Amino acid sequence: MKQKTVEVKLKQGLEARPAAMLVQVASKHASNIYLESEGRKVNAKSIMGMMTLGLALAPGEKVTVIADGTDEDDAIFGMENYLSSAAE
């Protein structure tokens, strides 16, 4: 299992559209992927989980990406790359 704290740089934070895109990024990986913020941990492959966490994630906030599986390094890199991008 690996984890990394990432700053959210998405212009609108993790609202509906960016959250759906993030679920797509997570779903490309075989590893189990979770996001954790403010004591809440959600499955990054679940749109409902991402929507509940998204309410608390605005640009500039930090989130911990946790990946566990065969491609955990790639999974963390993909999630970090998306969350750190200024574009949506």
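Since every read-out is calculated from the coordinates, none of them should be taken as a lab result. The structure displayed is predicted, hence computed values, not measured ones. In this analysis, Cβ positions are derived from the backbone assuming ideal geometry, glycine residues included, and neighbour counts consider all displayed protein chains.
Relative to the longest principal axis of the Cα atoms of the chain, helix 16-27 runs at roughly 10 degrees. Loop-only check: which trypsin sites (Lys or Arg not before Pro) in the stretch 1-83 are DSSP coil with at most 13 other Cβ within 10 angstrom? Within the stretch 1-83, the qualifying trypsin sites (Lys or Arg not before Pro) (loop, at most 13 other Cβ atoms within 10 Å) are 11, 28.
In this simple spin-label model, placing a label point 7 Å from the Cα along the Cα-to-Cβ direction at both residue 36 and residue 84 gives a separation of 2.0 nm. Pairs of lysines in the chain whose Cα atoms sit within less than 19 Å of one another amount to 13, provided the residues are eight or more positions apart or on different chains.
Ellipticity at 222 nm from helices only: DSSP H runs of n ≥ 4 in the chain, each -39500 (n - 2.57), divided by the residue count, give -11000 deg cm²/dmol.
Straightening the chain between residue 2 and residue 20 buys 4.2 nm, computed as 0.36 nm per residue apart minus the Cα-Cα spacing. For the chain, the longest principal axis of the alpha carbon atoms and the long axis of helix 72-83 meet at an angle near 10°.
Global dimensions of the chain from alpha-carbon coordinates: Rg and Dmax equal 11.2, 32 Å. The 3J(HN,Hα) values that the Karplus relation (6.51, -1.76, 1.60; θ = phi - 60°) gives for the stretch 33-41 are, in residue order, 10, 10, 10, 10, 8, 6, x, 10, 10 Hz. Gly and Pro appear as x.
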